[in-house]
1. With an 8 Å Cα cut-off and a minimum separation of 6 or more residues, compute the relative contact order for region 3-139 in percent.
2. Please work out which option in (i) 23.2, 69; (ii) 14.7, 48; (iii) 20.6, 76 gives Rg and Dmax of the Cα atoms in Å calculated from these coordinates, and answer with its label.
3. Report, for region 1-139, the % of DSSP beta bridges that are antiparallel, rounded to 5.
4. Rounded to the nearest 500, what is the chain's calculated 222 nm mean residue ellipticity when only DSSP H runs of at least 4 contribute -39500 (n - 2.57) each, over all residues?
5. Taking R0 as 25 Å, what FRET efficiency do you get between residue 126 and residue 71 from their Cβ-Cβ distance, rounded to the nearest 0.05?
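Readers should treat all values here as calculations from the given coordinates under stated rules, not as data from a laboratory. This one's a predicted model, so the numbers in the text were calculated from it and none came from an experiment. Cβ atoms come from the backbone with ideal geometry, glycine included; neighbour counts cover every protein chain shown.
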């Protein structure tokens, strides 16, 4: 049975996850410089050890509203298709190991935007985990 690791986090009360293979690091660096004329979901850029990394308000991108930066806010730095990008999230949870057999397609109750950005769901013991489709977030 194939297994993979998922980095889990919250945006509002939504329990979300990203395949850990895309995650470079999770950090507290919230020193973000605004960029003029950027999309409304782009908070700006940050300096990560000399690299300029764009930071996306993942909540806004997913249609869940803008994030407010708090003590629990974090940036998830991703490597995808030779690009680095930061996702601002409300709170980091854990890295969990999931069996491929426990992964299902998103339910039909997801609206069109949710179906675009969430590639799968995982039913855990006490909650539902929605898997963010990184390719779709980067594509749109």
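1. Across region 3-139, relative contact order equals 27 percent.
2. Looking at Rg and Dmax of the Cα atoms in Å for this model, the match is (ii).
3. So the antiparallel bridges in region 1-139 amount to around 90 percent.
4. Estimated from H runs of four or more residues: -2500 deg cm²/dmol.
5. That gives a FRET efficiency of 0.50.
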